[in-house]
Amino acid sequence: MNEVKPSTPHYALMVVSGKYTGQHYSILEQGDMIIGRMKEAQIVLIEDMISRRHARIFMQNGHLVFEDFGSTNGSFVNAEKVAGARLLTLGDHISVGNSVLVVTLQSEIYRANSAAVIMQGRLEEFSLVELLQMFAHHKKNALIMIQSHQSEGRIAVSLGQFLTASLNDEKLSPIKAFMRILAWNNGYFEVCPLPIQMLESNAQGLYSIEHLLLNTLRLQDEVAQFKKERPLPLEAKVRLKKPLPVRLKDLDAHAIDWIQLLIDANHIASALDSYPGPDNEVILALQNLLHQGILEIYDVHESTKEKTL
């Protein structure tokens, strides 16, 4: 009778302390799992006390092994500093920087509530750009919920690609909502499992996160330049300036469309919301029409002077 060999446990790591509390990682049966600040790491922990390539975890002959790469601030297992490599067992606590990871079984992770928060933090410590780059690199599914001041946003990621986004209850296009949320630098975020219903309803709407990030950051730079040159009160209205320096029939169709959009809107903010494209296109068009003396701003109340782009 052949002897039945026990199967190798499917290990996992759960972050139990630090700004990544709740995040979990399945241990690969082959290859290294690098812990560090670099985005190429399998376990990305962006902290000042963690090196770019801080340590690694790997399986060797059925045993789980932890090895510090000679990091500046060191690593600790069960409060003992690690010099080189050492074996890990279930329940061991690994301390790197301000984060503590506990060795558990993958089956224990699956038993956790599927709707639980798996990662949370502050935007001041971990920016949305860093968060999205991490999910893009590792091709993960996630629903990122962000709260900044009185606004709430959601960004859904599928296999590391942008799926959809929403901002408050506003009827904005997903791309516009994404671009506005990405401008937030203060607030809180939570990462939850991506609901299957959201994945099914947006199955054809995947976009490259890296492409969106590059485009959005470029547009943010343009908006910042517009703001520096001439702040525009969001609650202001615009109208045709009299007398007009040119005849409307002499303007091209594109300019007429912009004039129609801006005049029909109740104020600049509603023009930004109703236009499906990036906000900077509306701002640039308005700046040009103001500069040409075709449009002028009016009805700016004292109570709205501080609310500017």
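The values are calculated or read from the model by the stated rules, or taken from the named source; none is laboratory data. Note that the structure is predicted; figures quoted are calculated from it, not measured. Because the Cβ atoms are built from the backbone with ideal geometry, glycine has one as well, and the counts that use them run over all protein chains shown. These accessible areas exclude ligands, DNA and RNA; they are computed on the full protein's heavy atoms, side chains included. Shrake-Rupley method; radii C 1.70, N 1.55, O 1.52, S 1.80 Å.
Some points to look at:
- Sequence-distant residues sharing a close amide H with Ser127 (under 5 Å, placed H): none
- Rounded to the nearest 10 degrees, the inclination of helix 209-229 to the longest alpha-carbon principal axis of the chain is 40 degrees.
- Each Lys or Arg adds one and each Asp or Glu takes one away; over the other residues whose Cβ falls under 15 Å from the Cβ of Pro245, this sums to +3.
- Rel. contact order, % - alpha carbon contacts under 8 angstrom, at least six apart, the chain: 13 percent
- Degrees separating the helix 279-291 axis from the principal Cα axis of the chain, which is the longest one: 30 degrees
- Of all beta bridges that DSSP places with both ends in the chain, some 95 percent have antiparallel geometry.
- Carbon plus sulfur fraction of accessible area for the chain, probe 1.4 Å, in percent: 51 percent
- Over 32 Å [Cα-Cα, the chain], rounded percent: 44 percent
- The chain: angle of helix 128-138 to the longest principal axis, Cα-based, in degrees nearest 10: 50 degrees
- Taking the helices alone, the chain has a mean residue ellipticity at 222 nm of -8000 deg cm²/dmol, built from -39,500 (n - 2.57) per DSSP H run of at least 4 residues and averaged over all its residues.
- Taking amide H as placed 1.01 Å from N in the peptide plane, the amide H of Leu105 sits under 5 Å from that of Ala12, each at least 5 places away or on another chain.
- Neighbour net charge for Ile181 - beta-carbon separation under 11 angstrom, K R +1, D E -1: +2
- Phi angles across the range 177-189 convert, under the Karplus curve 6.51 cos²θ - 1.76 cosθ + 1.60 with θ = phi - 60°, into 3J(HN,Hα) values of 4, 4, 5, 6, 5, 5, 7, 6, 10, 10, x, 10, 9 Hz, Gly and Pro given as x.
- Per residue, the chain exposes 56 Å² of solvent-accessible protein surface, assessed with a 1.4 angstrom probe and all protein chains in place.
- Cross-link pairs Lys176/Lys228; Lys139/Lys228; Lys39/Lys171; Lys140/Lys228; Lys140/Lys176; Lys139/Lys171 - those with Cα-Cα distance over 31 Å: Lys139/Lys228; Lys39/Lys171; Lys140/Lys228
- Label separation (Ser274 vs Gln292): 2.0 nm, computed from points 7 Å beyond Cα along the C-beta direction.
- Comparing His93, His63, His137 in a Gaussian network model of the chain, where Cα atoms under 10 Å apart are tied by springs, the biggest mean-square fluctuation is seen for His63.
- Hz values of 3J(HN,Hα) by residue in the range 11-17 - Karplus curve (6.51, -1.76, 1.60), Gly and Pro given as x: 7, 8, 10, 10, 7, 10, 8
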